[in-house]
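The values are calculated or read from the model by the stated rules, or taken from the named source; none is laboratory data. The structure displayed is predicted, hence computed values, not measured ones. Note: ideal-geometry Cβ built from the backbone for every residue, glycine included; neighbour counts use all protein chains shown. The protein model used for the area step is the full one, side chains on, heavy atoms only, and it has no ligands, DNA or RNA in it. Shrake-Rupley method; radii C 1.70, N 1.55, O 1.52, S 1.80 Å.
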Amino acid sequence: MSCINRRDLALLALRAGTGAVLMAHGTQKLFGWFGGAGLDGTAAAMEHMGFTPGRHSALAAGLGETGGGALLVLGLATPAAGAAAAGAMAGAVSVHAPAGFFAQGGGFEYPAFLGFTAAAIGLAGAGRYSLDHATGHTFDQRWMLGLAFAASALAAAVVVTKRAQGRSEGGEEE
């Protein structure tokens, strides 16, 4: 097996694992699968965490995780998939950041790892074993990379900043 095939196989394994975990988390939010709260429960939790409106926030987080994860698994529109998942994880990092880094203390380690991994896949591309490759990279153009990551970074910054402002105006500490 050549190095190129090993890299492509490694990208497939990384996409499948990361995408499946993101999909599982997203479907908890959207449908209540795997012990999740579903859209209504997630919306209430989002409101409590300072993301308003809660239903829109829950839907955006669920779609970013489920949709981004599914596209990563398929290796389709990989820059947009990686950017969407990374953006969704930026919101999760903002929630967990006050508890520090490590996950066992409630910190942001886990969502940060998922976000960085999704972003890295989006930057690296899906590899040969992907729908991007099979479709001649129709949804994986160079210009999409910059646009997807810029849009995701801007959206994440707006959401996190709005949450922080709302929490400080409401008298709650970060």
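Over the chain, what relative contact order in percent results from Cα pairs under 8 Å that are six or more residues apart? Numbers along the way, then the final one.
Working: 290 pairs, mean separation 40.5, N = 174.
Value for the chain: 23 percent.
Here Phe34 and Arg142 are evaluated by their C-beta separation; at R0 = 45 Å the FRET efficiency comes out at 0.80.
Average the reciprocal distances over every distinct pair of alpha-carbons in segment 59-121, invert the result, and give the Kirkwood radius in Å. Could the numbers behind the result be given before it?
Details: mean 1/r = 0.0870 Å⁻¹.
For segment 59-121, the Kirkwood estimate is 11.5 Å.
In terms of overall dimensions, segment 1-40 has a Cα radius of gyration and Dmax of 15.2, 49 angstrom.
Give, in nm to one decimal, the length gained when the segment between Ala124 and Glu47 is fully stretched (0.36 nm per residue of separation minus the Cα-Cα distance). Mind dumping the intermediate values first?
Working: separation 77, 0.36 × 77 = 27.72 nm, distance 3.52 nm.
Gain in length upon complete extension: 24.2 nm.
Placing +1 on each Lys and Arg Cβ and -1 on each Asp and Glu Cβ, with no other charges, gives segment 1-107 a dipole about its Cα centre of roughly 260 debye. Once the Kirkwood radius over Cα pairs is known for segment 1-104, the Stokes-Einstein relation at 20 °C and 1.002 mPa s delivers a diffusion coefficient of 149 µm²/s.
With R₀ fixed at 25 Å, the C-beta to C-beta distance from Leu154 to Arg7 puts the FRET efficiency at about 0.20. The residues of the chain present an accessible area of 53 Å² per residue when probed at 1.4 Å with all protein chains retained.
Evaluated at q = 0.12 Å⁻¹, the base-10 log of the normalised Debye intensity for the chain, with identical point scatterers placed on the Cα atoms, takes the values -0.55.
Heavy-atom surface analysis with a 1.4 Å probe gives segment 1-52 a carbon and sulfur content of 68 percent of its accessible area.
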